[in-house]
Amino acid sequence: MTDAGTGAATLLAVEGLEARHGLLPAVRGVSLAVAEGERLALVGANGAGKTTLLRAIAGAHPVTAGAIRFAGADVTRLPAHRRVGLGIALVPEGRRLFPDMTVVENLLVAGRHGRPGPWTVDAVLDAFPLLRPLRHRRAAALSGGEQQATAIGRALMTNPRLLLLDEVSLGLAPRAVDAVYESLAHLAGATVILVEQDLGRGLAIADRVVCLLEGRIVLEGAAAALSREQVTEAYFGLVPRAP
Amino acid sequence: MIWVSVVIQGVLLGAVYALFACGLSLMFGVMRIINLAHGDIAVVGAYLVWVVATRAGVSPFVAMVAVVPVMLVAGYGLHLALLRRSLAGGPLVPLLTTFGLAIVIQNVLQQVFSPDVRSLGAAAGRVTTASWRLTGELAISWFGIATLAMAVLLLGGLALFLRHTGLGREMRATAQDPDAAQLVGIDARAVYARATAVAVATAALAGAFLAIRSTFEPTSGPTQLIFAFEAVVIGGTGSLWGTLVGGIILGIAQTVGGHIDPQYSLLGGHLVFLAVLASPRGKTLAARTSRP
C-alpha cells in the first residue's frame, strides 16, 4: 500500500473508510497508509472529502464503515480527545482557536493531555518568534497568520506523532503563508498529512501526493514523480477513474 | 442616612442573589444550559442541611460542610444521567429537561417533607440576630456580612479558578469551542459534568444561606430562580464577577423600591432587569445566546 520507499514503519493505516454528512457520502472507501516521517499532501477540489477524511482520522467526524489503525492500534471508535493522547493532532480548517483566551492560554490548555515530549510553550514561541511579543494577547485580536501560527503551535503542544494540517493557507495573505510554511520546514522528521488548495505548495512540501475526487482516491504517487498536469487532470476528474 | 442604610441592606440582600446566581451563571457560561431547576436544587440543599443539622444536632454551618460534597457528586451524576443526553438533542431539550426536573423535585419535597414552611434561622443561633449598630438608623447584621463574604469568596474564587488553573482553562476552552477543545485532548463531557457538579454544590450553599436568612418550603425554588436569572442578566452573562455585581444591583433595586413603598420591592428589581434588557447590553446578550 505505501510507496514511500523509505522502508519506515507504517504509522497510520486507513482501510475502506466511509464517512457521511447526513445522507451525503463525503468519503467513499478510502484506503491509504502513511509511514513514520512521511509527508503526505491531500489535494482535490472543494467537496472532494479532504477535510472530512482528516477530521475522521482525528476522531472529530463519525465513521460509517472502514477502519483506522494508528501505531498498530485500532482507533476507529476512539473519541477525538483520546486520540490526542496517542499522538494525533489536527490543526482544523479555520484555525478554531479559543477566541477569548490568550496565545499562551491556548497553548497551555493543549499541553495538558498530549504525550510527553519536547514541545513546551517556550519551544513553540521559539519556533514561531512572531508569537513571542503577542503571547498575552487574546487570540481573537490576532491577524490570520498569527492565528494560524498559534493553531499549529497549539497542535504541537500535544507532542503529536502525526500532525494533520487542514488548509493552513486558507484566507491568509501570501506573506503570512510563506511564514507558516517556513515554520513547517522546521518540523523535520514529523509525520504530516496536509490538505492544501495550492498545488504548488502541496507538491513542494510533500513526499507523496494523494488526489481525492468525490470522496475517492483517483491518483496517488511520489510527489517528485508526478507532474503538475497529472495532478491537475486528476483534480478535475479528467482521467478515467480507477475501478 | 436612611438611604445609606437602605443601600447597605440592598448589598447584603444582593449577596444572597449572587450566591444563587453563581451556579446558574456557570452552567450557562460553560454549556449554554439555562437550568430551570436551579432554584429547586438550592431548596434540596436547604432540606439536606436541615436534615443533617436536626438529626446530628449540629449547627447548619457544620451541616453545610457535609452537604456540599454530597451535592458535588449529585451534580456530576445529574449531568451524566440527564443533561448529557439532553444536550445531544439540541438547545431546547435541556430547558425542557430541567423544567421537568424542577416539577419532580418540588413534588418529591412536598411528599417527603410536607408543605410546611421551615427556617434554619433558629438552629444557626446568635449569628442570625446579632448585628453591629453603627448609628440609630444604621445596623449591619453579622449574617449579612457572612453572606457577602461567602458570595465574594465563592464567585471570586471560581473566577480566579477559571482564569489561572489548568482545569479552569479547560472549562473556558470548552465553553468557547467544544469541538476544538476535543481536538486538543479535552474530554468535553467530563468538563461539563464538573461544571454541573460545581453549580449544584453552590446552589446547595445558596439554599442553605437563604434558609438561615429567612424561610423555605418545597416550592421556594422558582422565585429564587427568577432572582438568580435577573442577577445573571443584569451582570452580563459569561462573567462571574459580573454576576456578583448583578446580584448586588438587584438587591439594592429591591430594597430601594421597598423603601419607597413596600409593594414596590420586587417591582424595583424587575424594572432594573427590564432596563438592562432594553439597553444596548441586552442586545449583546441576545447575540451571545444565539452563538453556536
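The values are calculated or read from the model by the stated rules, or taken from the named source; none is laboratory data. Just so it is clear, the model here is predicted, and its values are computed rather than measured. Because the Cβ atoms are built from the backbone with ideal geometry, glycine has one as well, and the counts that use them run over all protein chains shown. Keep in mind that these areas ignore ligands, DNA and RNA; they rest on the heavy atoms of the full protein, side chains included. Shrake-Rupley method; radii C 1.70, N 1.55, O 1.52, S 1.80 Å.
Against the empirical 2.2 N^0.38 Å (N residues), region B:37-160 has a Cα radius of gyration ratio of 1.31. With R₀ fixed at 51 Å, the C-beta to C-beta distance from B:TRP241 to A:ARG77 puts the FRET efficiency at about 0.75.
For region A:136-180, the equivalent ellipsoid derived from the alpha-carbon gyration tensor has semi-axes of 18, 15, 7 Å in decreasing order. Here the Debye sum runs over all C-alpha atoms of region A:163-243 as equal scatterers in vacuum, and log10 of I(q)/I(0) at q = 0.17, 0.22 Å⁻¹ comes out as -0.72, -1.10.
Here region A:139-243 carries DSSP beta bridges of which approximately 55% are antiparallel, counting only pairs with both residues inside.
The distance between label points at B:ALA56 and A:GLU18 comes to 5.8 nm (points 7 Å beyond Cα on the Cα→Cβ vector). Region B:163-292 gives an Rg/Rh value of 1.04, both radii derived from C-alpha positions and Rh following Kirkwood. Note that the protein assembly as shown presents 42 Å² accessible area per residue, ligands and nucleic acids not counted, probe 1.4 Å. For region A:74-140, the calculated P(r) over all alpha carbon pairs, in 5 Å bins from 0 to the bin holding the longest distance, is 3, 15, 21, 25, 19, 9, 4, 2, 0 percent. With a cut-off of 11 Å between beta carbons, the residues surrounding B:HIS79 carry a summed charge of +4, where Lys and Arg count +1 and Asp and Glu -1.
Calculated [222 nm] ellipticity per residue, helices only, for the protein assembly as shown: -17500 deg cm²/dmol; basis is -39500 (n - 2.57) per DSSP H run with n ≥ 4, divided by all residues, nearest 500. Contact-buried residues of region A:72-119, at a threshold of 50 Å² lost accessible area versus the chain by itself: A:HIS81, A:ARG96, A:PHE98, A:ASP100, A:MET101, A:GLU105, A:VAL109, A:ARG112, A:HIS113 (1.4 Å probe; DNA, RNA and ligands ignored).
In terms of overall dimensions, region A:96-189 has a Cα radius of gyration and Dmax of 12.2, 34 angstrom. Computed from Cα positions, the angle between helix A:174-185 and the longest principal axis of chain A comes to roughly 80 degrees.
For the set A:THR158, B:THR129, A:THR10, solvent exposure ranked by accessible area (probe 1.4 Å, protein chains only) runs largest to smallest as B:THR129, A:THR10, A:THR158.
Averaged over residues, the count of other Cβ atoms within 10 Å places the peptides B:192-202, B:34-44, A:28-38 in the sequence B:34-44, B:192-202, A:28-38, highest first.
DSSP bridge analysis restricted to the protein assembly as shown gives an antiparallel fraction near 60%, rounded to the nearest 5. Pairs of alpha carbons in region B:1-72 separated by more than 20 Å make up 48% of all such pairs.
Starting from one equal scatterer on each C-alpha and no solvent at all, send me the Debye-based log10 I(q)/I(0) for region B:175-226 at q = 0.18 Å⁻¹, two decimals. Here log10 of I(q) over I(0) equals -0.68. Relative to the longest principal axis of the Cα atoms of chain A, helix A:144-156 runs at roughly 80 degrees.
For chain B, the longest principal axis of the alpha carbon atoms and the long axis of helix B:188-213 meet at an angle near 10°.
When Rg and Dmax are taken over the Cα atoms of region A:44-87, they come to 11.0, 32 Å. In terms of its C-alpha gyration tensor, region A:2-79 comes out oblate, because a/c is 1.5 or above while a/b does not outweigh b/c.
Counting, for every residue in A:153-160, the Cβ atoms of other protein chains within 10 Å of its Cβ and taking the mean gives 1. Taking 1.306 mPa s as the viscosity and 10 °C as the temperature, the Stokes-Einstein diffusion coefficient of region A:39-178 based on its alpha-carbon Kirkwood radius rounds to 101 µm²/s. Taking all Cα-Cα distances within chain B, those exceeding 30 Å account for 29%.
Under 1.5 on a/c is rounded, so check that first for region B:134-192, then, if it is not, pick prolate when a/b is larger than b/c and oblate when it is not; a ≥ b ≥ c are the square roots of the alpha carbon gyration tensor eigenvalues. Judged from the Cα gyration tensor, region B:134-192 comes out prolate (a/c at least 1.5, a/b above b/c). Hydrodynamic radius of chain A by the Kirkwood approach over all distinct alpha-carbon pairs: 18.1 Å.
In order along region B:14-19, the Karplus-derived 3J(HN,Hα) couplings, from 6.51 cos²θ - 1.76 cosθ + 1.60 at θ = phi - 60°, round to x, 4, 5, 4, 5, 4 Hz, and Gly and Pro are given as x.
What FRET efficiency do you get for A:ALA224 and A:ASP198 if R0 is 22 Å and r is their Cβ-Cβ distance, rounded to the nearest 0.05? Computed FRET efficiency for A:ALA224 and A:ASP198: 0.80. Using a Förster radius of 51 Å, what is the FRET efficiency between A:SER31 and B:LEU92 based on their Cβ-Cβ separation? Nearest 0.05, please. The calculated FRET efficiency here is 0.80. Just checking the listed ones, B:VAL16, B:VAL65, B:VAL152: in the Gaussian network model of chain B with Cα springs under 10 Å, the one fluctuating most is B:VAL65.
Every pair of different Cα atoms in the protein assembly as shown enters the Kirkwood calculation, which places the hydrodynamic radius at 26.0 Å. Roughly how large is the A-B contact in terms of buried accessible area, totalled over both chains, probe 1.4 Å, nearest 100 Å²? So the buried area, both faces added, is about 1900 Å².
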